[in-house]
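The values are calculated or read from the model by the stated rules, or taken from the named source; none is laboratory data. Note that this is a predicted model, so its numbers are computed, not measured. Cβ atoms come from the backbone with ideal geometry, glycine included; neighbour counts cover every protein chain shown. Heads up: the accessible areas ignore ligands, DNA and RNA and are worked out on the full protein's heavy atoms, side chains in. Shrake-Rupley method; radii C 1.70, N 1.55, O 1.52, S 1.80 Å.
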Amino acid sequence: MKKLRVAELFAGVGGFRLGLENTNNNLFEITWANQWEPSTKAQHAFECYTHHFKTGIHSNEDIAEVTDEEMASTSADIVVGGFPCQDYSVARSLNGELGISGKKGVLFWEIARFIQNTYPKYLILENVDRLLKSPSKQRGRDFGVMLSTLNELGYDVEWRVINAAEYGNAQRRRRVFIFGYRRNMSYAESLTSFSDDDIIFKEGLYAKQFPVESKPNKNRINKTELSHDIVNVSDTFQFQFWNSGIMRDGQITTIDTTPIKETPVTLGEILEENYDKKYVITGDKLEKFKYLRGSKKIERVTPTGHKYYYTEGGMSETDALDLPGRTMLTSEGSVNRSTHIVKTNNEIRQLTPVEAERLNGFPDNWTDMLPERRRFFMMGNALVIPIITRIGNRIEEIEQEFEEDETQLELF
Ligand SMILES: C[S@@+](CC[C@H](N)C(=O)[O-])C[C@H]1O[C@@H](n2cnc3c(N)ncnc32)[C@H](O)[C@@H]1O
């Protein structure tokens with residue numbers, strides 16, 4: 001079968017690529033990857049990426065500087081990327097195919113531009129689950145703007161919030177995964193005989209790869225229709241998105257689904273037996289961790305002089321070894337409340353960089369050419385690789401079941 005040409009945006013240290021190169025049928029070929037870190041001169045993620053991957057074009061440029069021509073030259077069949085949750089509001093403009101202008105520096109608009117330049121068959125995007133609720137003053141607007149943009153570009157979209165630990169992984173990392181497919185493909189056509197509810201519970205990509213109970217949680221189902229005017233969506237759209245949903249031709253159905261949980265890997269299972277003693281925490285540092293993880297009630301004063309109490313609940317002194325790890329942040333490894341600390345061999349210690357890699361399902365020592373602090377940072381930014389492999393496996397099946405005819409046509 002013909003390979004699917006993948007463009008990997010915001011590539012980081014290559015989580016999407018590793019996930020897609022691990023699928024059953026080896027259909028994905030990453031032919032173009034872009035990674036540029038705006039906040040540092042050193043380009044550590046790019047360095048790690050190019051160290052491991054030797055094929056395809058690797059671009060180390062601000063995505064906003066990549067020209068339309070270069071994007072078009074990738075001829076991508078699939079565009080993938082994890083990108084930040086930002087302000088997606090738009091204003092009317094006379095420029096651009098969509099006739100809108102978003103805020104400068106908002107990376108979703110670069111993804112939209114990439115799609116306009118390549119018209120790929122599939123999209124896989126990843127974001128924090130907060131995206132579904134943002135901004136707090138107009139809940140759901142940002143995701144509404146995103147869906148409506150993809151709708152206007154000719155895509156149907158399925159999404160699901162997935163907690164990696166609930167599907168057999170070692171980290172409780174909750175992210176929204178967005179799967180888009182071109183509306184004019186046989187696959188989209190094949191789904192027309194199913195209702196939105198059928199797709200969410202049984203027939204869609206997520207239902208097949210990440211099974212859920214067949215009834216909504218607490219009867220939570222919402223439906224709405226998107227306006228074709230994105231500026232209108234940006235100004236007025238407000239909606240409660242649940243953890244699962246589909247948008248077809250502007251019609252949205254969202255349902256609160258309950259995962260059929262698989263046995264996770266525990267934090268204890270991914271720990272290294274031998275570790276450097278420099279990771280052991282004692283003395284003042286240990287006291288600091290105890291304080292940070294303890295419960296507190298601190299009096300604070302607002303700039304206008306109003307007194308209030310900042311409170312924080314207590315955490316266990318060290319992380320439970322019989323549960324999957326908590327979400328890893330980019331601050332992992334620093335003296336911080338969210339840093340994992342574990343008790344092994346009667347010692348309290350932080351995680352090693354290899355253990356941080358294992359929490360995401362990366363190969364051991366994937367980032368070992370980088371300074372240690374950056375290794376933790378990279379893992380805090382990355383994703384849980386087996387989730388992408390599962391998504392990729394279904395896309396391969398879709399290609400084989402539905403799109404083969406189109407490929408045949410292209411061949412003759
Ligand atoms: C959430 S991380 C993605 C991590 C990746 N999925 C992985 O597995 O490592 C987002 C990435 O986008 C990069 N980035 C941020 N702004 C960018 C820009 N303007 N152009 C290109 N890349 C950018 C960051 O450096 C970061 O590596």
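In region 90-120, the qualifying residues are those that are open to solvent by less than 20 Å² (accessible area, probe 1.4 Å) and under 21 Å from the mean Cα position of the chain (by Cα), and the one that is farthest from Ala188 (Cα to Cα) is Val106. Which of the residues spanning region 347-399 are more than 30 Å from Ser190 (Cβ to Cβ) and aliphatic (A, V, I, L, M)? Result: Ile348, Leu351, Val354, Ala356, Leu359, Met369, Leu370, Met378, Met379, Ala382. The single condition from (1) within 13 Å of the ligand (Cβ to nearest atom); (2) assigned to a loop (DSSP other than H, G, I, E, B); (3) on the phi < 0 side of the Ramachandran plot that Glu47 fails is (2).
Against the list (1) surrounded by fewer than 17 Cβ atoms within 10 Å (Cβ to Cβ); (2) touching a residue at least 40 places away in the same chain (Cβ under 8 Å); (3) within 21 Å of Lys285 (Cα to Cα), the condition Val342 fails is (1). The lone criterion from (1) within 10 Å of the ligand (Cβ to nearest atom); (2) among the β-branched types (Val, Ile, Thr); (3) modelled with pLDDT under 95 left unmet by Ile100 is number (1). Taking region 117-129 as the range and being touching a helix residue (DSSP H, G or I) at 6+ places or on another chain (Cβ under 8 Å) and away from the ligand (no atom under 16 Å from the Cβ) as the test, the residues that pass are Thr118, Lys121, Tyr122. In region 274-323, the qualifying residues are those that are charged (D, E, K, R) and in a loop (DSSP other than H, G, I, E, B), and the one that is farthest from Gly361 (Cα to Cα) is Glu317.
Number of residues in region 130-148 that are within 14 Å of the ligand (Cβ to nearest atom) and surrounded by 19 or more Cβ atoms within 10 Å (Cβ to Cβ) equals 1. Look through region 35-44, keep the residues that are open to solvent by less than 40 Å² (accessible area, probe 1.4 Å) and near the ligand (Cβ under 8 Å from one of its atoms), and return whichever of them is nearest to Gly14 (Cα to Cα). Ranking the qualifying residues of region 35-44, first place goes to Gln35.
When the test is whether a residue is touching a residue at least 60 places away in the same chain (Cβ under 8 Å) and touching a helix residue (DSSP H, G or I) at 6+ places or on another chain (Cβ under 6 Å), Ala76 passes it. Among all positions in region 160-167, there is at least one residue which is within 16 Å of the ligand (Cβ to nearest atom) and under 20 Å from Gly392 (Cβ atoms). In summary, Leu323 fulfils each of the numbered conditions (1) among the hydrophobic types (A, V, I, L, M, F, W, C); (2) open to solvent by less than 70 Å² (accessible area, probe 1.4 Å); (3) under 24 Å from Thr352 (Cα atoms) with the single exception of condition (2).
The sole residue among Lys2, Lys54 that is over 21 Å from the mean Cα position of the chain (by Cα), away from the ligand (no atom under 14 Å from the Cβ) and farther than 17 Å from Tyr122 by Cα is Lys54.
The residues of region 364-392 that are assigned to a loop (DSSP other than H, G, I, E, B) and within 13 Å of the ligand (Cβ to nearest atom), listed by number, are Trp366, Thr367, Leu370, Ala382, Leu383, Val384. Among the residues of region 13-34, those identified as open to solvent by 20 Å² or more (accessible area, probe 1.4 Å), touching a helix residue (DSSP H, G or I) at 6+ places or on another chain (Cβ under 6 Å) and outside any helix (DSSP H, G or I) are Asn22, Asn24, Asn25. Against the conditions (1) buried (at least 23 other Cβ atoms within 10 Å of the Cβ); (2) touching a helix residue (DSSP H, G or I) at 6+ places or on another chain (Cβ under 7 Å); (3) not assigned by TED's automatic domain parsing to the domain that holds Arg173, Gly392 satisfies every one except (3). I'd like to know if region 73-88 contains one or more residues that are more than 15 Å from the ligand (Cβ to nearest atom) and more than 24 Å from the chain's Cα centre (by Cα). Looking through region 73-88, at least one residue is more than 15 Å from the ligand (Cβ to nearest atom) and more than 24 Å from the chain's Cα centre (by Cα). Number of residues in region 251-273 that are of a type in the set (D, E, K, R) and either part of a helix (DSSP H, G or I) or under 21 Å from Thr352 (Cα atoms) (or both) equals 3. The residues on offer are Gly250, Gly245, Gly294, and the sole one that is within 30 Å of Gly168 (Cβ to Cβ) and open to solvent by less than 90 Å² (accessible area, probe 1.4 Å) is Gly245.
Being open to solvent by less than 30 Å² (accessible area, probe 1.4 Å), within 22 Å of Val176 (Cα to Cα) and over 18 Å from the mean Cα position of the chain (by Cα) is a property that does not hold for Ser59.
Pairs linking a residue in region 328-339 that is closer than 20 Å to Asn169 by Cβ to a residue that is open to solvent by 30 Å² or more (accessible area, probe 1.4 Å), with Cβ atoms under 6 Å and 6 or more positions apart or on different chains, are Thr330/Phe377; Thr330/Asn381; Ser338/Leu329. Scanning region 253-284 for residues that are open to solvent by 50 Å² or more (accessible area, probe 1.4 Å) and over 21 Å from Arg326 (Cα atoms) turns up Asn274, Asp276, Lys277, Lys278, Thr282, Asp284.
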